[in-house]
1. Ranking request for peptides 43-51, 87-95: highest mean number of other beta-carbon atoms within 10 Å first, then the rest in descending order.
2. Would you please state the base-10 log of I(q)/I(0) at q = 0.12, 0.25, 0.27 1/Å for the range 60-111, with intensities from the Debye formula using one equal scatterer on every alpha carbon?
3. Which ³J(HN,Hα) values in Hz, rounded to whole numbers, follow from the phi angles of the range 61-72 under the Karplus curve 6.51 cos²θ - 1.76 cosθ + 1.60, where θ = phi - 60° and Gly and Pro get x?
4. Sorted by average packing, counted as other Cβ atoms within 10 angstrom per residue and highest first, what order do 32-38, 67-73 take?
5. Which value, in Å² rounded to 10, gives the accessible area of LEU59 with a 1.4 Å probe and all protein chains present?
Amino acid sequence: MSREVRKVLKTAQKKQLTGVKFSPRMTRSTRSAPHPGVFLETQFLQPLAISQAQLAKDLGISRRRVNELVVGKRSITPDTAIKLSLYFDTDPEFWLILQMRWDLRQALEKLKDVSTETSFF
């Protein structure tokens, strides 16, 4: 078990986070997961030359909603995942998994920040 994982586990035990299980795999990757909106823009909108305004119109949602997604201020909801999957011929799970990975990475980063800021000794 790596030193980083032991540190996170120790912090969790100190804070008495019951019911939370940490595995070494959760902290293994140092590569940051992209926000699903950034992924949407770089892997779908730009290559297919689709503007945010056009996507919003085609999905029947506001341009603001699409823009907030793309800049990382909004999460992909199940409703949005279904609309994107129908539009781009993907699975709704694809979009929700991207969102889940982003959310998990953010939670781990917060936990890591708390563990480095707090000294228990």
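The values are calculated or read from the model by the stated rules, or taken from the named source; none is laboratory data. This is a predicted model, so every value here is computed, not measured. So basically every Cβ, Gly included, is an ideal-geometry build from the backbone, and we count neighbours across all protein chains shown. SASA here: full protein model, heavy atoms, side chains in, ligands and nucleic acids out. Shrake-Rupley method; radii C 1.70, N 1.55, O 1.52, S 1.80 Å.
1. Values: 43-51: 12.0, 87-95: 14.3.
In decreasing order of mean packing, 43-51, 87-95 become 87-95, 43-51.
2. Reported log10 I(q)/I(0), two decimals: -0.29, -0.99, -1.08.
3. 10, 6, 5, 4, 4, 5, 4, 5, 5, 5, 8, x
4. 32-38, 67-73
5. 20 Å²
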